[in-house]
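Take a look at the structure set out below.
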Amino acid sequence: MNDVWNKFHVRPYLHLLILVFVGYQAFVSNISLSLFGETEGLYAIVTHTMMAAGDYVHLSLRGEPYFNKPPLFFWLQALGAHALGWSELALRLPSVLASCGLIATTYGLGRVLFSSVAGFWAALVVATCYAGFWFGPLAIIDPVLTFFMTFGMYAWARAYFQESSPKWYAIGCVALALGSMVKTLHALAMPVLVIGGFLWIKRDSRVLREPWLWVGIGLFGAILGGYYVLLGQAFWQHFFFEENLQRLVAQVGDKEASAFEAYWGKRPIHWYGYAIWFDAFPWSVLLPTGLVLMWKQRPWRQASRELWVLLWVGGYLLAFSLVPEKHERYLLPLLPGIGLVVGYVYQSFCVDRPQASGHALLTWMLGLLGVAFGVAVFLGPILLQKKWFLPVETIPLAVRVWFGIGGLTLLILAIRNKIRLALLGVGVLSMGLMLAVTVWIIPGIHAEGAPKSVFLENQQRLSHPTDPIRMFQTRSWRGDEDEFYWDVYHGHFQVVGEGLEDSEALKALKQELRAHHNLVIMMTEEQYNKLIANNPYFLIGIDLKFHRSRKQIYLVSLQERKATL
């Protein structure tokens, strides 16, 4: 076993081959599937509106100025659309490139701080934990923000710990400026929190005398200052003093509740403390051991690299927890730090002499992970069916059996104290989990009624391509992605009987049918059963059933029944 580990760890090209495969499967394999959540549709609408208007400075959404985010991310999406044509691939390209870059940056961080072994496992964490492969390829801002923040940290670590070139200080400042241009100033504030805390604990002021640091600070100010001058006073006044200030004192959309009330609401102040166990799964089981190992090195005195990583994980988690508005995708900037902690565990137990201080804890956590995989084999399909309406057979039986055997094997290895083999097993199971999600679960979700597939099914049944996408009585169940495909991409929609009582809405539907002789229209299951199913006026065909906002939606074909005329 020692020979196998040694051969693997002294061959960095094997690390890179595995990471290229994992990165492709995690972030690229489903790049052309429908937009389906986490504000993908909303950002696509903003980008489409920006490009249609030809105004790349003053963003708008649904006819109103859009001040919630600065435009750099939308510029990147537009660049992809200009290069590749308007498509999901173009919209997701910035996030995919950023996520692949995050793998490379995390690998480089591990090598700078500890070793290529730690870098490999740290990078693997980024691509194969739930939050990484779920949010990383989406057409949202957070993956791009995470890359710039992490690259800024990498540049600073390279300049400080390797002392190879102080120019990296300036490069890091530019990266943090770009991160601030993508979303907000916390791209700067959070890395500075870590770096400043580190320098204060170490009582190290040498960095402040480094000319390249001040060059970088000057570049940061010039880039960001010019950017906000371009965007204008109306933007930065709203963005800084309303949008971001509101996020610090209350949840978005809740103008009355205070931050204190939000801390004890649906997602309280400690919510990230237990959300991280799921978002970093399965690697989160190794996090306690890694933190113990680093703490045992007395980092506040001598182990500078360990101190830096501890401040990254602890500082980011604390800062995120203090903000009332909480979402799982906001934790993406924390994943490289968690990866470095996990990589430290592999370095300690698989290359260096095993650390007795964390041995018992690691054994217990590995055993619990084995049990968790065994339980997930039975509960996983049920939870997927409840949340995403996926059939139980979406994940093949052979795959579920494999996970069950893998979990049992991991439990046995932990009991028998085969730590190195058990750690290898965690890596295998994590890649298996990523493959299961990207090969079966995500395509399965799309097959059950993704916005694009519903749109295409609807469009194919229209009498004429320019006919509107029709909904009955309400459109409140739609998501941003539906709005993008139907209202923006198709460009024409109609709500028949909008805002009317049932009887009046039914009359409007009959009038619309008389005018067109046949209709394809969407409605909720409740509307269909209450007003349409037993109505003798209609000849009915149900073309498609899908789910939105905890409602089942029917795509219905209607004709007049001749006997009633």
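Descriptive notes on the structure:
- Selection status of SER34, crowded, with 16+ Cβ neighbours inside 10 Å and either farther than 21 Å from PHE148 by Cβ or hydroxyl-bearing (Ser, Thr, Tyr) (or both): yes
- Checking the stated criteria, VAL428 turns out not to satisfy the condition of being part of a helix (DSSP H, G or I), crowded, with 19+ Cβ neighbours inside 10 Å and over 18 Å from the mean Cα position of the chain (by Cα).
- Top-ranked residue of the stretch 358-405 - restricted to ones that are free of Cβ contacts under 8 Å to residues at least 12 places away in the same chain and of a type in the set (Gly, Ala, Ser), ranked as surrounded by the most Cβ atoms within 10 Å (Cβ to Cβ): ALA360
- When GLU504, GLU483 are checked against the criterion of being closer than 23 Å to ILE45 by Cα, in a helix (DSSP H, G or I) and not aromatic (Phe, Trp, Tyr), GLU483 stands alone in meeting it.
- Which numbered condition VAL117 misses (of (1) of a type in the set (Val, Ile, Thr); (2) at pLDDT 95 or above; (3) part of a helix (DSSP H, G or I)): (2)
- Residue match in the stretch 148-169 (condition: modelled with pLDDT of 95 or more and within 21 Å of VAL46 (Cβ to Cβ)): yes
- Subset tally (residues that are free of Cβ contacts under 8 Å to residues at least 40 places away in the same chain and assigned to a helix (DSSP H, G or I)) for the stretch 274-315: 7
- GLY101 meets the stated requirement of being within 30 Å of GLU306 (Cβ to Cβ) and within 19 Å of the chain's Cα centre (by Cα).
- Some residue of the stretch 2-24 being at pLDDT below 95, in a helix (DSSP H, G or I) and charged (D, E, K, R): yes
- Residue in the stretch 94-103 that is in contact with a helix residue (DSSP H, G or I) (Cβ under 8 Å, 6 or more places away or on another chain), of a type outside the set (Gly, Ala, Ser), modelled with pLDDT of 95 or more and part of a loop (DSSP other than H, G, I, E, B) present: no
- For PRO137, the stated conditions hold: it is of a type outside the set (D, E, K, R), touching a Phe, Trp or Tyr at 6+ places or on another chain (Cβ under 9 Å) and crowded, with 22+ Cβ neighbours inside 10 Å.
- Residue ID - modelled with the lowest pLDDT, chosen from residues in the stretch 518-565 that are part of a helix (DSSP H, G or I) and either surrounded by 17 or more Cβ atoms within 10 Å (Cβ to Cβ) or among the polar types (S, T, N, Q) (or both): THR564
- Restricting attention to the stretch 165-189, the residues that are of a type in the set (Ser, Thr, Tyr) and surrounded by 22 or more Cβ atoms within 10 Å (Cβ to Cβ) total 2.
- Per the conditions (1) part of a helix (DSSP H, G or I); (2) over 16 Å from PRO333 (Cβ atoms), the sole criterion not satisfied by ALA139 is (1).
- Being closer than 21 Å to GLY119 by Cβ, in a helix (DSSP H, G or I) and more than 20 Å from the chain's Cα centre (by Cα) is a condition met by at least one residue of the stretch 322-342.
- Residue-level check: of (1) of a type outside the set (Val, Ile, Thr); (2) closer than 30 Å to LYS387 by Cβ; (3) in contact (Cβ under 8 Å) with a residue 12 or more places away in the chain, ASN529 misses just (3).
- When the residues of the stretch 38-76 are filtered to those that are among the polar types (S, T, N, Q) and either within 17 Å of the chain's Cα centre (by Cα) or assigned to a loop (DSSP other than H, G, I, E, B) (or both), the one that is surrounded by the most Cβ atoms within 10 Å (Cβ to Cβ) is THR39.
- Selection within the stretch 475-488 - of a type outside the set (A, V, I, L, M, F, W, C) and either buried (at least 19 other Cβ atoms within 10 Å of the Cβ) or more than 22 Å from SER463 (Cα to Cα) (or both): SER476, ARG478, GLY479, ASP480, GLU481, ASP482, GLU483, TYR485
- Options PHE378, PHE389; residue that is touching a His at 6+ places or on another chain (Cβ under 8 Å) and either modelled with pLDDT of 95 or more or outside the structural domain of GLY152 (by TED's automatic domain parsing) (or both): PHE389
- Every residue from the stretch 451-483 that is touching a residue at least 60 places away in the same chain (Cβ under 8 Å), under 24 Å from GLU38 (Cβ atoms) and touching an Asp or Glu at 6+ places or on another chain (Cβ under 8 Å): PRO451, LYS452, VAL454, GLU457, ASP480, GLU481
- Condition check for THR466: out of contact with any Cys (no Cβ under 6 Å at 6 or more places or on another chain), more than 17 Å from MET522 (Cβ to Cβ) and either crowded, with 17+ Cβ neighbours inside 10 Å or hydrophobic (A, V, I, L, M, F, W, C) (or both): no
- The residues of the stretch 408-433 that are of a type outside the set (A, V, I, L, M) and either over 22 Å from ALA122 (Cα atoms) or in contact (Cβ under 8 Å) with a residue 60 or more places away in the chain (or both), listed by number, are THR409, ARG416, ASN417, ARG420, GLY427, SER430.
- Residue check, ASP279 buried (at least 21 other Cβ atoms within 10 Å of the Cβ), acidic (Asp, Glu) and over 15 Å from VAL426 (Cβ atoms): yes
- The one condition in (1) crowded, with 19+ Cβ neighbours inside 10 Å; (2) touching a residue at least 12 places away in the same chain (Cβ under 8 Å) that ARG111 fails to fulfil: (2)
- Matching residues, the stretch 190-218, being touching a residue at least 12 places away in the same chain (Cβ under 8 Å) and either assigned to a loop (DSSP other than H, G, I, E, B) or over 22 Å from SER304 (Cβ atoms) (or both): GLU210, PRO211, VAL215, ILE217
The values are calculated or read from the model by the stated rules, or taken from the named source; none is laboratory data. If you're wondering where the values come from, they're calculated on a predicted model, not measured in any experiment. Neighbour counts run over all protein chains shown; Cβ positions are idealised from the backbone, glycine included.
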